[in-house]
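Down below is the structure, laid out as structure tokens.
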Amino acid sequence: PRNQNPFILYRRNESARRREFGLSNNDLKLVSKEIGEMWQNESPNVKTFFQILASEADRRHRLRFPDYKFNP
């Protein structure tokens, strides 16, 4: 599995939050577009928070999969 970048972590968090509050929408294309727009409008503090989470996720990914190499 690939490690996760800040946006992917943000999207997972936002999707979980939507499900928790019953805002889940089955139209994944629409949800992706909405969350993408939200990400573009987020404050630098929120983006920095998710960059820090992504750095930690990357560290853990390297420990769990030391020989992983991305190969598209």
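The values are calculated or read from the model by the stated rules, or taken from the named source; none is laboratory data. For clarity, every value in this text was computed on a predicted model and none was experimentally measured. All Cβ positions, even for glycine, are placed from backbone atoms using ideal geometry, and neighbour counts span all protein chains on display. Please note that ligands, DNA and RNA were not included when accessible areas were found on the heavy atoms of the full protein model with its side chains. Shrake-Rupley method; radii C 1.70, N 1.55, O 1.52, S 1.80 Å.
For (1) without any contact (Cβ under 8 Å) to a residue 60 or more places away in the chain; (2) part of a helix (DSSP H, G or I); (3) hydrophobic (A, V, I, L, M, F, W, C); (4) surrounded by 11 or more Cβ atoms within 10 Å (Cβ to Cβ), each residue gets a yes or a no:
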site: 8; (1), (2), (3), (4): yes, yes, yes, yes
site: 11; (1), (2), (3), (4): yes, yes, no, yes
site: 23; (1), (2), (3), (4): yes, no, yes, yes
site: 32; (1), (2), (3), (4): yes, yes, no, yes
site: 45; (1), (2), (3), (4): yes, yes, no, no
site: 59; (1), (2), (3), (4): yes, yes, no, yes
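Across the range 64-71, a minimum of one residue is classified as exposed (fewer than 12 other Cβ atoms within 10 Å of the Cβ) and in contact (Cβ under 8 Å) with a residue 24 or more places away in the chain. Scanning the range 34-43 for residues that are touching a residue at least 12 places away in the same chain (Cβ under 8 Å) and either open to solvent by 100 Å² or more (accessible area, probe 1.4 Å) or among the charged types (D, E, K, R) (or both) returns a single hit, 42.
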